[in-house]
Amino acid sequence: MSVREVVELRASKGVSQLIVKLLDNRSDGTFDRLIFLAEKLTDDKEVLAATHGIRTMLKDPDHPVHRLFKRVAEYLPYENKARLFQNFFNNAWFAGKKVQKKTFETHGFWPPVAMILSPTLNCNLRCRGCYTLGYGMRHELPYEIVDRVLKECEELGIFIITVLGGEPLVYPHLFRMMEEHPNLTFQVYTNGTLVTREIAARFRKLNAIVVISNEGYEAETDQWRGKGVYRKVLKAFEYLTDERVLVGSSATVTSKNVDVVASDEFIDRMIGLGSILQMYFLYMPVNGQSDFSLLVTPEQRDHLRRKVAEFRRTKPLFFIDFWNDGPHVKGCIAGGREYFHVNANGDIEPCVYAHMATHNVRDTSLRDALMSPLFQAVRAHQPHNENHLRPCMIIDNPEIAREIIGTVKPRFTHPGAEEIYTVRAGELDEYARRYAEFIEPIWEKEYLSDSGEKNCKACR
């Protein structure tokens with residue numbers, strides 16, 4: 001390490017320590033001082049642009065972002081706030097950017113922000129339409145492989161790990177992997193039915209955000225997940241919030257429940273339960289048992305987009321809307337651009353919905369997979385469409401996915417995964433055509449400048 005690097009490291013540690021000391025300060029202006037100090041931790045232009053925007057929003061006590069920050073600050077115990085800053089903000093966004101830059105200089109590629117990990121496909125439920133149905137429930141990764149993959153993430157500069165399944169709480173090594181990798185931030189998606197007070201207490205000691213899946217209220221959730229699930233979801237929220245664990249909510253959005261999960265009443269209900277983030281995932285017909293009637297219509301998809309935009313102006317909750325948030329991230333983020341997926345068989349997939357692979361963590365490194373012809377082909381086509389409201393290569397631009405498959409010839413990672421690219425291709429093309437026809441005028445009106453340049457008027 002050079003003298004300059006030592007000086008920079010000591011300076012950043014000093015700033016980090018000041019920020020940690022401020023985290024328990026409730027006085028006016030604390031948020032502004034926190035952001036001011038955080039900006040001293042980085043020279044990355046994108047991160048600085050984001051922090052400048054956040055600072056502006058935090059100056060207004062009535063702004064939903066200010067109200068969200070206040071909710072989190074008052075909710076979390078001091079040690080958990082310190083852990084959240086060090087791992088999520090400092091490791092992933094400030095210090096982590098320097099690790100990513102070193103990876104780029106050494107290996108020739110910029111690593112993604114996050115890895116999605118499904119360590120097991122075992123699950124105590126069998127939800128209707130689950131994107132994993134085609135895999136079966138027999139796959140599970142040995143801890144030794146999970147441990148090695150997480151170490152590779154830290155070396156590359158990937159500090160955010162989203163844990164899916166199956167059901168993560170069925171995986172016998174879930175807490176061990178979080179305990180033995182304290183520098184990472186884990187986002188654990190659970191159906192909530194296995195959460196007990198004891199499990200909630202374990203989560204409190206870790207740098208984890210627990211996201212509970214539900215499809216609306218009791219009728220919608222139980223229809224999708226099974227009778228009695230919703231009541232267990234409510235108990236999971238209770239146990240986790242009693243322990244002051246950061247919790248969020250995730251909904252699979254279908255043509256049947258979109259009006260419910262995109263309603264003010266539902267969002268207010270989630271806030272009342274203690275949620276600090278709301279995730280929306282469109283139903284994707286990728287499990288080999290596709291039901292195209294569950295796909296949201298173009299009108300429903302646009303309704304969700306407009307409601308999320310409204311919520312962001314009014315609700316103290318963090319929202320992510322796949323795929324309507326394409327304009328905010330300039331299209332598709334799969335293939336290692338910002339994230340990728342390792343499934344329970346070890347296959348390294350471009351996306352949790354792109355069930356294809358050429359590499360497996362059992363016999364290759366993440367670095368080699370991220371630079372594989374498959375991942376490079378996905379990134380080379382990004383954005384898959386100039387209209388970022390049509391970002392997905394599967395449901396919005398299926399011809400792109402078929403071209404990549406035809407060129408690279410990856411193997412499909414479960415029986416039936418090829419269905420939507422072969423026997424159901426015509427239906428997928430028709431869906432993409434109808435959505436494109438509907439959304440193109442909206443893109444031109446709301447997201448392009450008067451000169452026709454991409455200016456994302458609706459993002460400002």
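Kindly provide log₁₀ I(q)/I(0) values, in the same order as q = 0.11, 0.21, 0.28 Å⁻¹, from the Debye equation applied to equal alpha-carbon scatterers of the range 105-175.
-0.33, -0.92, -1.27
Would you mind calculating the relative contact order of the chain from Cα pairs under 8 angstrom and at least 6 residues apart, reporting the percent as a whole number?
With pairs under 8 Å counted, the relative contact order is 13 percent.
Enter the accessible area per residue of the chain (Å², integer; probe 1.4 Å; all protein chains in place).
The answer is 43 Å² per residue.
Net charge around Leu150, counting only other residues with Cβ within less than 13 Å of its Cβ (Lys, Arg = +1; Asp, Glu = -1)?
-4
Please compute the net charge surrounding Met279, taking Lys and Arg as +1 and Asp and Glu as -1 over other residues with Cβ under 11 Å from its Cβ.
The answer is -2.
For the range 23-100, which semi-axes, largest first and in whole Å, follow from the square roots of 5 times the eigenvalues of its Cα gyration tensor?
21, 16, 10
How would Phe266, Phe318 rank on accessible area, largest to smallest, probe 1.4 Å?
If we order Phe266, Phe318 from most to least accessible, we get Phe318, Phe266.
Kindly give the semi-axes, whole Å and largest first, of the ellipsoid equivalent to the range 5-161, taking each as the square root of 5 times a Cα gyration tensor eigenvalue.
Rounded to whole Å, the semi-axes are 33, 23, 15.
Charges only on Cβ, +1 for Lys and Arg, -1 for Asp and Glu: so what's the dipole of the range 191-282 about the Cα centre, in debye to the nearest 20?
Here the range 191-282 has a charge dipole of around 500 debye.
What ranking do 71-84, 183-196, 122-135 get when scored by the average of other Cβ atoms within 10 Å per residue, highest first?
Going from most to least packed, we get 183-196, 122-135, 71-84.
Excluding ligands and nucleic acids, what accessible area in Å² is computed for Trp110 using a 1.4 Å probe, to the nearest 10?
In the full protein context, Trp110 sits at about 100 Å².
Excluding Asp44 itself, calculate the net charge of residues whose Cβ lies under 11 Å from the Cβ of Asp44, where each Lys or Arg counts +1 and each Asp or Glu counts -1.
That sum, taken over residues with Cβ under 11 Å, equals +1.
Ordering Lys307, Lys102 by how much accessible area each has at a 1.4 Å probe, largest first, what is the list?
Listed by decreasing accessible area, they come as Lys102, Lys307.
The values are calculated or read from the model by the stated rules, or taken from the named source; none is laboratory data. Not measured: the values here are computed from a predicted model. Because the Cβ atoms are built from the backbone with ideal geometry, glycine has one as well, and the counts that use them run over all protein chains shown. Protein only, heavy atoms only, side chains kept; ligands, DNA and RNA dropped before computing areas. Shrake-Rupley method; radii C 1.70, N 1.55, O 1.52, S 1.80 Å.
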